[in-house]
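Derivation of every value follows stated rules applied to the coordinates shown; laboratory data play no part. None of the values given here were measured: they were computed from a predicted structure. Every residue, glycine as well, gets a Cβ built from its backbone with ideal geometry; the counts of neighbours run over all protein chains shown.
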Amino acid sequence: MNFKLKNKFTLLKLILFARPHPATPKPLKSNYFKTTNCKHILPKFINEKILNMKRIINGNSCYGFTLMEVMISIFLLVVISIAVSQTVTNTYKIREIIMNEGDFYNSIRLSVGILDRDISMLYSPTILLKSNKTAPTQHANHPTPPSTNPQINSNDQYEMEEVLASDLGLMSQFWTPAVHKSGLRPSRFIGAEQKLSFVSVSHIRIYKDSLESEFAKITYELKQDKEIEGAMVLVKGESTNVFEDDETKDKSWNYYPLLHGITKFKLRYFQKDKSEWLNSWDNEKEEFKEIYPDRIEVQLEVKGPTRLQFEGVYHFKPEIPLRGLDAST
């Protein structure tokens with residue numbers, strides 16, 4: 001008996017209920033079931049099924065998938081592949097956007113943190129002199145030069161004159177003339193709207209036996225950004241040769257670009273005695289002699305990739321008591 005396979009679900013039916021092909025030899029009789037009523041049924045059934053399955057496996061069967069079924073399978077495979085491909089592509093795009101956004105805000109946070117650390121550790125050796133209550137001064141912020149103080153004996157005055165006649169009596173970019181016979185010099189703070197230079201104790205020595213200390217000359221300035229058109233980059237300069245006055249001989253300068261994409265960077269300096277904000281500060285001027293800003297304000301605007309924008313105002317405060325230390329009681 002011949003069957004025509006109308007659909008692929010009749011394959012199971014064919015295996016279970018098909019009859020042997022007319023050309024198929026009759027299976028050998030088994031004597032295993034002579035005592036039962038079904039002595040010939042079970043061995044014959046098993047042999048028929050085995051022969052039918054062998055015929056299908058060997059390709060002698062006329063049953064298979066139609067062209068329409070193959071086309072539908074290929075179509076479903078293409079649809080699933082396109083969906084998976086689009087999902088993976090979108091995942092990588094979102095990942096890139098998140099990484100760019102994280103890098104943008106992390107660069108701002110790290111740059112501001114470095115600037116905060118340097119300003120908070122702004123240093124001048126004159127805090128040691130101001131703690132001496134025996135040295136009279138005209139004003140807490142404007143000590144009388146030793147050479148004009150009547151209580152200083154002639155030997156001290158002569159020693160002070162010798163110090164002022166040496167290189168210690170000259171004004172440099174980071175130091176003002178000496179104010180003590182020991183040659184102690186106040187550090188010089190120069191601040192403009194887009195530039196800073198001062199002495200800080202924020203340096204960390206990394207390598208053993210390196211000729212460095214915690215003292216460092218620090219500069220901050222804006223330069224043209226080569227990565228982002230129409231923007232500026234904040235560059236930090238640092239030199240550990242802090243007591244070298246001639247900057248042309250100082251070979252220890254290192255420059256670090258901190259923040260790219262700056263569209264606005266403005267500095268202001270707060271003077272507590274007058275309760276006013278100033279756009280510039282320089283210890284070379286008499287009004288700022290041996291005094292330093294109580295607060296420094298930074299107005300910042302930055303643009304980044306994928307239309308990222310940031311605006312912020314930060315305030316930094318020197319933590320070292322630059323106005324002097326009170327004597328302990």
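Compare the peptides 163-173, 215-225 by average per-residue count of other Cβ atoms within 10 angstrom and give them in order, highest first.
Numbers: 163-173: 14.4, 215-225: 18.6.
Most protected by this proxy first, the peptides run 215-225, 163-173.
Tell me, what HN-Hα J-couplings in whole Hz come from the Karplus equation 6.51 cos²θ - 1.76 cosθ + 1.60 at θ = phi - 60° for each residue of region 110-127, using x for Gly and Pro?
5, 5, 5, x, 5, 4, 4, 5, 5, 5, 5, 9, 4, 9, 8, x, 5, 5
Using a Förster radius of 41 Å, what is the FRET efficiency between Lys195 and Gln309 based on their Cβ-Cβ separation? Nearest 0.05, please. Present the calculation step by step, with values, prior to reporting the outcome.
Values: r = 24 Å, r/R0 = 0.60.
It comes to 0.95.
Here are some pairs, Lys249/Lys289; Lys249/Lys285; Lys217/Lys285; Lys208/Lys317; Lys195/Lys217; which of them have Cα atoms lying more than 24 Å apart in this structure?
Numbers: Lys249/Lys289 27 Å; Lys249/Lys285 26 Å; Lys217/Lys285 20 Å; Lys208/Lys317 31 Å; Lys195/Lys217 14 Å.
Where the Cα-Cα span goes over 24 Å, the pairs concerned are Lys249/Lys289; Lys249/Lys285; Lys208/Lys317.
Hey, rough spin-label estimate for Lys285 and Asp209, points 7 angstrom out along Cα→Cβ, what's it come to in nanometres?
Result: 4.9 nm between the two label points.
Could you list which residues have their amide H under 5 Å from that of Leu259, counting only those 5 or more apart in sequence or on another chain, with H placed in the peptide plane?
Hits under the 5 Å cutoff: Leu234.
For a quick protection proxy, order the peptides 227-237, 266-276 by their average other-Cβ count within 10 Å, most packed first. Walk me through the numbers on the way to the answer.
Values: 227-237: 15.9, 266-276: 14.4.
Ranking, from highest mean packing down: 227-237, 266-276.
Length gain on complete extension for the stretch Gln157 to Tyr256, per 0.36 nm per residue less the alpha carbon to alpha carbon distance? Walk me through the intermediate numbers first.
On the way: separation 99, 0.36 × 99 = 35.64 nm, distance 4.43 nm.
Additional length available on full extension: 31.2 nm.
For region 182-192, take each phi angle, set θ = phi - 60°, evaluate the Karplus expression 6.51 cos²θ - 1.76 cosθ + 1.60, and give the result in whole Hz per residue in order, putting x for glycine and proline.
Once rounded to whole Hz, the list reads 6, x, 5, 10, x, 6, 9, 10, 10, x, 10.
Kindly identify region 185-329 as rounded, prolate or oblate by the Cα gyration tensor criterion: order the square roots of the eigenvalues as a ≥ b ≥ c, call it rounded if a/c is under 1.5, otherwise compare a/b with b/c, prolate if a/b is larger, else oblate.
Numbers: a/c = 1.96, a/b = 1.22, b/c = 1.60.
Verdict is oblate for region 185-329.
Near the amide H of Leu170, under 5 Å away, which other amide H atoms are found, from residues 5 or more places off or on another chain, if H is placed in the peptide plane?
Correct list: Ala178.
In nm, to one decimal, how far is the modelled label at Glu229 from the one at Glu101, with both set 7 Å along Cα→Cβ?
So the two model labels end up 2.7 nm from each other.
How large is ³J(HN,Hα), in whole Hz, for each residue of region 76-86 in order, when computed from phi with the Karplus curve 6.51 cos²θ - 1.76 cosθ + 1.60 and θ = phi - 60°, using x for Gly and Pro?
With coefficients 6.51, -1.76 and 1.60, one gets 5, 5, 5, 4, 5, 5, 5, 5, 5, 5, 5 Hz.
Which residues' amide hydrogens lie under 5 Å from the amide hydrogen of Ala231, considering only partners 5 or more residues apart or on another chain, with H built in the peptide plane?
Asp225
Where does each of 300-311, 282-293 land if you order them by average Cβ count within 10 Å, highest first? Don't skip to the end; give the middle numbers.
On the way: 300-311: 14.7, 282-293: 17.1.
Highest to lowest by the protection proxy: 282-293, 300-311.
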